[in-house]
Amino acid sequence: KHAIPQTGPDADMLQDGVLSVTPSEGMVQPYSTVPITFTFNPTQPKQIKGFASVGQSDMAQNSEGAMVAIPMPYASTAVIESAETKQSITVSMTGCGTRAGVDVSHRVVRFGECPVHERKDVLVTLKNSAKVPAPFSFPPIANFSVRPSKGLLQPLQSQSLVVSFRPSQLGKFKSQIKCEVAKGKLTIPIRLIAQSSSVAKEKPPLKGGLSAVPKDFKPNYQFIKSQPSNVVNDTGSKFVREKPWETVELVNSTSWDETTEKFPEVEKQNMGHLTYSVQELERRAAHRDEYINFLRDARVKREKADESMMQTKRNTAAKRDLTDPSGPDLGMDRGLDEPIPPLPPAADKLWLMHADGANGGSRARAPADETKLITKKFKSTPGTQAEVRDCEAELSTVDLHQVTVSHKVMDFGRVCVNSVTARSLSFTNDLSRSVLVQLGRLEKELSKSTPSAQVIPGGAVAGFDMYFESSTEQTFKKTLQYTINEKHILKVTMTAEVVPIEVKMSESQLNMAFPDDSLDVSVSRTVTLENPGNAPCEFFWASRGPFVVTPEQGRLEPFSSAEVVVTWQPAPGHKNTQRLALHVPGGEDQELPVTGHLPEPKCAFTSKKLDFGLVPVGIARTGIVEVKNTGKHPAICFVDNFDPSSGLTCSPERWRIGVGETQKLTITLKPPAARNYAGLNLAVNVRGSKLLKLPLLAEAIVPNVVHCETPELLDFQDVTIGGNERIIISMENKGTIPASLKLDMSSYPDFQISNAPFPIRIPEPVEEPEAPPGTANGSLVGDARGPPGTAATNANTETGSHASFN
């Protein structure tokens, strides 16, 4: 037991748990120890509130004139008593508790203007004026950060912090971050003010990469000094005068602090103030803000309470809950003005004025999508006299500008080898007469393009279907010439990047393993194949060793994907590390490294064979064998299925054996026909190890049962109604195994069968009369007396014995 005295000057602190001992009671076993925890948890001294209070009761002036916290001593005694040994052990407990003396250099940090995706950093200093370590931490806040966000200040240590502003959106930002000291024993609020009214030209790239080193991940600080209020609010907002203590680093300031001066209490009350020190102004402003926030919060609470009371009265008068959104009023007040929905904005048609003239025609609209081919084609040669005259006329520069082409540079993009890519090259004729447009010599890659010429009527759009196909890898860039009216030669640049067929795999390598609770023979993983090209491609997989891919071949349509399953089934003699080959006709062959992780177990049968001996056909017989784990890893075992015609079964079919453990297997043999089971083995697959085989020995035979001196016809002769007559039938087993007999007479309700109640030996003739007594064979039959039996009766006969029935 222990006891702490609760009297003296520190009684209140002791009752609050300043000094405690746990556990308060217990038992110490022989030759053992029990730890006892002594806890010292000092609390903050009581604060004297009010404007007349200047300074703190636990603060004093040191030799340098600075205000420091006065340590408060604590002392107590714990007594450990033992009733059995009548011992009393006294433990003295002493300690000193002091206020966390941490201050910050900037209570307000102004960053000024900072574009989005850029940063600004300000150095802020934390100083610990106490003689005990003080842990500190800053909670996360949006768009602002502190680095380091937590740490430990040693006694009289100063720590520089980097307060950063990294805006991710436009706007003005006013936040407050709280520095928590000693797990919330002291909280220092810091106001953060910044604004972002522009966006940086470039977003900074993400840091990283395979070649990056730790120094590449360090931030690029942009240090500034905390901006004054007139600089921060230069965007036309309301002017805010800067506070005196916001421009002074209070931690490193050497200005006069009147709170460090010691005056008598009467003199303090009578002395007048022409001004206050910066430290005192900051303390008074914080005190005033605290009471202003208290009054505001109290007013909001009163208004909410009054509104809740009035709502309760209205609900009572209406006898229902008026705020219920499912009620008759839908939670809305009565007597409200009906809202008038605004009219949608008018979308008037945009009217355009075109110049009238003999050269102008109805303006046609060229198609916006180059991948959509224009199905309507015009004739390739002029047919009428007017068309011949128009197509032979020479066009002026102004008229040539009325015949426009959809592309100056037609880019087919990234295409695959042997793929066909189609684009539409359209011509718009804004003239009032027809023009003849003819394509020049086509390159081999564009030879499938059609048509070669078209007569485009006035105000129409004609489309030429351009087909690109290349059988080799290249960067294609050629010029296609076309003529208008066979007199004006113009050109269009054709570009394309021809790349080989590529199939992307979702996995660069596969590491496969079985779960700890898995009893499966194999494990599978899915790999996604993606065809990013514009041509269909076929793929072929080559399975190797214990790894099999399904499906092994297939076809990927352009810009599509498919899934294949890689299955790993460990097998003895095969390596569990392979490289699966992927062949893509017309593309680059790839390999997929696969690795199966499986420790090699070892198991063995505890017996060398299982011998069933002679087994009757149709009779089930069971045998027990054991498999033992002789390795250093758990093993998963499976039994190969027997041929159904053999009549053999094993239970269980799969199991898990721990290290050093054994597993019993029940082998059941029920032969359907006579046969010899020599050469048949019990095969047990150990996952990841060699195959175990146990020879099975058995011979299934058919019992040899015959009648023993039974007539072929059972003649009961005359039987009185209500009476019964019995005839004894005797069966003899001349085989070497027991036989099970069943006689069923259910089809004949007037006849009943039962076992003979008393065996009767029927002597058989002996060939040698001089044979000694006891060597004569006989058969057991039932006595003619006894009650009648049932319609069906079972009997078992051992080897060389007889069974008899009534």
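The values are calculated or read from the model by the stated rules, or taken from the named source; none is laboratory data. No experiment lies behind these values; they were computed from the predicted model shown. Glycine gets a Cβ as well: all are built from the backbone with ideal geometry, and neighbour counts include every protein chain shown. Ligands, DNA and RNA are excluded from the accessible area calculation, which covers all protein heavy atoms including side chains. Shrake-Rupley method; radii C 1.70, N 1.55, O 1.52, S 1.80 Å.
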For region 523-619, run through the chymotrypsin sites (Phe, Trp or Tyr not before Pro) and keep only the ones in DSSP coil with at most 14 other Cβ atoms within 10 Å of their Cβ. PHE559
Projected area averaged over all directions for the convex hull of the alpha carbon atoms of region 566-609, nm², comes out at 5.0 nm²
Rounded to whole angstrom, the alpha-carbon centroid of region 291-345 lies from that of region 129-203 at a distance of 40 Å
Counting only protein heavy atoms and a 1.4 Å probe, tell me what percentage of region 501-640's accessible area is made up of carbon and sulfur. 48 percent
Derived scalar couplings ³J(HN,Hα) [region 697-704; Karplus, 6.51 cos²θ - 1.76 cosθ + 1.60; whole Hz; x for Gly, Pro]: 10, 5, 9, 9, 10, 9, x, 10
If the reach is capped at under 22 angstrom between alpha carbons, list the lysines near LYS376, excluding any in the same chain fewer than eight residues apart. LYS448
Can you compute the radius of gyration and Dmax for region 451-545, using only the Cα atoms, both in Å? 25.7, 83
Probe of 1.4 angstrom, ligands and nucleic acids ignored: what's the accessible area per residue over region 569-634, in square angstrom? 58 Å²
Mean shadow of region 543-659, computed from the convex hull of its alpha carbons, in nm²? 11.8 nm²
The pairs in LYS379/LYS408; LYS608/LYS670; LYS185/LYS215 lying past 32 Å Cα-Cα in this model are LYS185/LYS215
Under 1.5 on a/c is rounded, so check that first for region 584-642, then, if it is not, pick prolate when a/b is larger than b/c and oblate when it is not; a ≥ b ≥ c are the square roots of the alpha carbon gyration tensor eigenvalues. oblate
With the other protein chains left in place, how much accessible area per residue, in square angstrom, belongs to region 671-755 at a 1.4 angstrom probe? 64 Å²
Built amide H within the under 5 Å cut-off of GLU502, gap 5+: GLY533
Checking the a/c ratio against 1.5 first, then a/b against b/c, what shape does the Cα gyration tensor give for region 525-597? prolate
Tell me the label-point distance for the pair GLU588, TYR31, using the 7 Å Cα-to-Cβ offset, in nm and rounded to one decimal. 7.3 nm
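So what is Rg over Rh here for region 363-475, counting just Cα atoms and using Kirkwood for Rh?
Taking Rh as the inverse mean 1/r over Cα pairs, Rg/Rh reads 1.01.
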Please compute the length gained on full extension between LEU680 and GLU307, using 0.36 nm multiplied by the number of residues separating them and subtracting their Cα-Cα distance. 125.1 nm
To the nearest 20 debye, what is the magnitude of the charge dipole of region 587-663 about its Cα centre, counting +1 on the Cβ of each Lys and Arg and -1 on the Cβ of each Asp and Glu? 660 debye
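Once the mean 1/r over all distinct Cα pairs of region 600-758 is inverted, what Kirkwood radius in angstroms do you read off?
Over region 600-758, the inverse of the mean reciprocal pair distance is 19.6 Å.
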Name the long-range amide H neighbours of GLY631: under 5 Å, sequence gap of 5 or more, or other chain; modelled H, no Pro or chain starts. LYS602, GLY660
Before I look further, what does region 467-539 give for accessible area per residue, probe 1.4 Å, in whole square angstrom? 52 Å²
Highest mean first, how do 325-332, 579-586 rank when packing is the count of other Cβ atoms within 10 Å averaged over residues? 579-586, 325-332
Considering the dipole of region 498-545 built from charges on the beta carbon (Lys and Arg +1, Asp and Glu -1) around the Cα centre, which of PRO532, GLN509, LEU519 is farthest to its positive end? PRO532
